[in-house]
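The values are calculated or read from the model by the stated rules, or taken from the named source; none is laboratory data. Remember, it's a predicted structure, so these values are computed and weren't measured experimentally. Cβ coordinates were reconstructed from backbone atoms using ideal geometry, including for glycine residues, and neighbour counts include every protein chain displayed. When the accessible area is computed, the model is the full protein with side chains, heavy atoms only, and any ligands, DNA or RNA have been set aside. Shrake-Rupley method; radii C 1.70, N 1.55, O 1.52, S 1.80 Å.
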Amino acid sequence: MNKIMFFVLVGLLLGGCQEAEKQEMPPQALQPEPELQPETQAAETAQVTPAAYYEYLWCNQGENYSTEALQAFVGDWNAAINETEDTVDAAAAYVPRGRKEDNYDGLWVLRWADKETSEKGWANYIASGTDAALQEKHPGVLECGSEAGVNRFGFDTYIPRPAPAGLFDGEPPYFVANQFCTFNEGKTGKDVRAAIQDHYIPFLEASAETNPGSTYHFMIGVPDFEPSQPMNFNWIHQWKTAAEGEAALARFNESEEGKAILSALNEAATCQDAQPWDAYFLRKPVVES
């Protein structure tokens, strides 16, 4: 999939085009649909096995990039993917919100069932010659990484709670914020799970009772590569809109209850400040009826 994809994530993300175009990279015509329905996601809060395998590819715009060119590129990519085996469950573009990144313009995010499916999917894709065909048809539109651990990063991803109804039903983009976290001295993933199960999830369940309209969802990604900076996991937050997400983050961080939960979590791990992303579906998930 080298040089065929754009994004982010977690959001994502990030050219011979104007700055205004960069902010609207993913075509608005690609309307999001609900991701995987709650019944198809891991619903147990004590989950200790990954629910999915996510990959984040660094992507840069080419000299022929435009919103229309990207839309045509993505359409042909989807058509090609439909003809391959062991394909992705979904794909999204993450665009840095309110900032620039040095290494990429955006992220092309792939959701696979697991790492084994990812490896088979990449092998099938490369063998098919689709990449060369896409680049010949759409030269200079988008270039994305494909080298694992260098410009393509895989994460075993844990999903302790199902996504709420309506999270992906609005007009794009939806909102993503991620935080890279490291275990504190003497702590492990078991301590993080305990903090989430004992403090964070009860808070979310109580909040859902008082605020049923909340679209908040979170995932935990464990890197399947050697990070260049200290990082044991990636905490990914999602909301339907940036307005909801930014307001929710502020309320949580400033509330006494939020501070108490953060204190418990901070005993197990230290997390960087949240990085915001605008996120767009590029390949809609298939929901079985």
* ³J(HN,Hα), Karplus 6.51/-1.76/1.60, whole Hz, each residue of segment 141-155, x for Gly, Pro -> 9, 8, 10, 10, x, 9, 8, 4, x, 10, 9, 9, 10, x, 9
* Which FRET efficiency, nearest 0.05, do Glu256 and Glu185 yield, Cβ-Cβ r, R0 41 Å? -> 0.90
* **Part-to-part distance (alpha-carbon centres) for segment 55-98 and segment 221-265, which is given in Å** => 26 Å
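What ranking, highest mean first, results for peptides 193-206, 84-97 when packing means the other Cβ atoms within 10 Å averaged over each residue? Each step should come with its number before you reach the end.
On the way: 193-206: 16.0, 84-97: 23.0.
Order by mean packing, descending: 84-97, 193-206.
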* Considering the alpha-carbon set of segment 183-274 alone, what are its Rg and its Dmax in angstrom? -> 13.9, 41
* Structure fact -> Which of Lys240/Lys284; Lys120/Lys190; Lys115/Lys137; Lys120/Lys284 exceed 27 Å between C-alpha atoms? The answer is Lys120/Lys190; Lys115/Lys137
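In square angstrom, what is the accessible area per residue of segment 112-236 with a 1.4 angstrom probe?
Details: 5920 Å² over 125 residues.
Normalised by residue count, the accessible surface of segment 112-236 is 47 Å².
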